[in-house]
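Q: Sharing a structure with you now.
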Amino acid sequence: MLSRRQFIKTAAVTTAAASLAEPTEAVTGTPRLPLKAEPRRRTIFARSHVGGQLRLYSDAADQPRALIRQDALDRAFGKGAGQGLLQPDHWRMIDEGWFSGDDLFLPTDPDCSEFAVWQANYHHDCEAHDILADLLGVHLSPWGGRLDRVGLSFAEHPCTPRFATATLVHADCLPHLVREVAERSDWISVHPDPVST
């Protein structure tokens with residue numbers, strides 16, 4: 001039989017251990033929240049382009065990654081919870097093992113909105129364009145812009161879905177861009193050697 005003192009001591013230890021565990025929906029009554037993507041280091045690469053130019057691209061995937069179906073998000077987080085999620089949020093939850101199999105789909109149809117969002121924001125050419133324009137403070141017109149001190153030009157191509165590019169006018173400009181980016185950011189880097197294609 002436990003004495004009152006042993007009972008209180010055991011109850012205190014058990015309560016402390018339980019409070020360290022992550023609360024679940026069943027315990028708290030609060031639904032689990034979706035994961036948001038965390039910022040990550042990005043690398044910009046250069047590949048040969050026409051006339052001795054170098055086209056810049058990010059380390060993003062060449063093709064769209066799988067996304068989570070809306071009904072799976074509704075089931076996990078409540079109706080409409082997926083409306084505020086970005087595609088990198090989907091990828092983080094998939095990478096963490098929260099969703100798999102039939103909960104996923106691949107946006108490959110160029111006419112679907114998810115493909116258009118991927119192309120506009122996460123395609124490796126468009127992503128390099130946006131990262132560099134933002135980092136280097138380039139003022140873009142609807143057609144693009146230039147940063148002459150590093151020989152960098154930006155273009156918004158007239159197509160749907162969006163396609164934007166960043167291009168160095170000559171391979172000799174790459175070391176200047178590497179230095180400029182290194183001076184401004186610890187989380188973005190430009191690979192110093194062109195990738196052979």
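Q: Inside region 84-115, can you point out the residues that are among the polar types (S, T, N, Q) and under 22 Å from PRO39 (Cβ atoms)?
A: The initial filter retains those residues of region 84-115 that are among the polar types (S, T, N, Q), namely 87, 100, 108, 113.
Residue satisfying the conditions is GLN87 alone.
Q: Looking at region 35-77 only, could you name the residues that are closer than 17 Å to PHE99 by Cα, surrounded by fewer than 13 Cβ atoms within 10 Å (Cβ to Cβ) and touching a residue at least 24 places away in the same chain (Cβ under 8 Å)?
A: The one that is closer than 17 Å to PHE99 by Cα, surrounded by fewer than 13 Cβ atoms within 10 Å (Cβ to Cβ) and touching a residue at least 24 places away in the same chain (Cβ under 8 Å): LYS36.
Q: Only one residue in ALA116, ALA120, ALA182 is surrounded by fewer than 17 Cβ atoms within 10 Å (Cβ to Cβ) and touching a helix residue (DSSP H, G or I) at 6+ places or on another chain (Cβ under 8 Å). Which one? Please lay out each step first, then the result.
A: Working: ALA116 fails: touching a helix residue (DSSP H, G or I) at 6+ places or on another chain (Cβ under 8 Å); ALA182 fails: touching a helix residue (DSSP H, G or I) at 6+ places or on another chain (Cβ under 8 Å).
Going through ALA116, ALA120, ALA182 in turn, just one is surrounded by fewer than 17 Cβ atoms within 10 Å (Cβ to Cβ) and touching a helix residue (DSSP H, G or I) at 6+ places or on another chain (Cβ under 8 Å): ALA120.
Q: Any residue in region 82-103 that is among the polar types (S, T, N, Q), assigned to a loop (DSSP other than H, G, I, E, B), farther than 19 Å from HIS123 by Cβ and open to solvent by 30 Å² or more (accessible area, probe 1.4 Å)? Can you show your working first?
A: Taking region 82-103 and keeping what is among the polar types (S, T, N, Q), we get 83, 87, 100.
Right, trim to assigned to a loop (DSSP other than H, G, I, E, B) and you get 100.
Now restrict to residues that are farther than 19 Å from HIS123 by Cβ: 100.
Those left that are additionally open to solvent by 30 Å² or more (accessible area, probe 1.4 Å): 100.
For region 82-103, residues among the polar types (S, T, N, Q), assigned to a loop (DSSP other than H, G, I, E, B), farther than 19 Å from HIS123 by Cβ and open to solvent by 30 Å² or more (accessible area, probe 1.4 Å): present.
Q: Let me ask something additional. Checking the structure you have, find out if any residue of region 100-123 is at pLDDT 95 or above and at positive phi.
A: Checked region 100-123: at least one residue is at pLDDT 95 or above and at positive phi.
Q: Quick check on this structure: which one of GLU96, GLU127, GLU114 is farther than 16 Å from PRO161 by Cα and either without any contact (Cβ under 8 Å) to a residue 12 or more places away in the chain or not small (Gly, Ala, Ser) (or both)? Can you show your working first?
A: On the way: GLU127 fails: farther than 16 Å from PRO161 by Cα; GLU114 fails: farther than 16 Å from PRO161 by Cα.
Result of the check over GLU96, GLU127, GLU114: GLU96.
Q: Six or more apart or on different chains, Cβ atoms under 9 Å: show the pairs whose first residue is in region 166-181 and without any contact (Cβ under 8 Å) to a residue 60 or more places away in the chain and whose second is among the charged types (D, E, K, R).
A: HIS176/ARG149; GLU180/ARG149
Q: Identify all residues within region 132-165 that are assigned to a helix (DSSP H, G or I), surrounded by 19 or more Cβ atoms within 10 Å (Cβ to Cβ) and under 21 Å from the mean Cα position of the chain (by Cα); write none if there are none.
A: Hits for region 132-165 are LEU132, ALA133, LEU136.
The values are calculated or read from the model by the stated rules, or taken from the named source; none is laboratory data. Since we're looking at a predicted model, the values are computed, not measured. Cβ: placed from backbone, ideal geometry, glycine included. Neighbour counts: every protein chain shown. Each accessible area value is taken on the protein alone, full model and side chains, heavy atoms only, with ligands, DNA and RNA left out. Shrake-Rupley method; radii C 1.70, N 1.55, O 1.52, S 1.80 Å.
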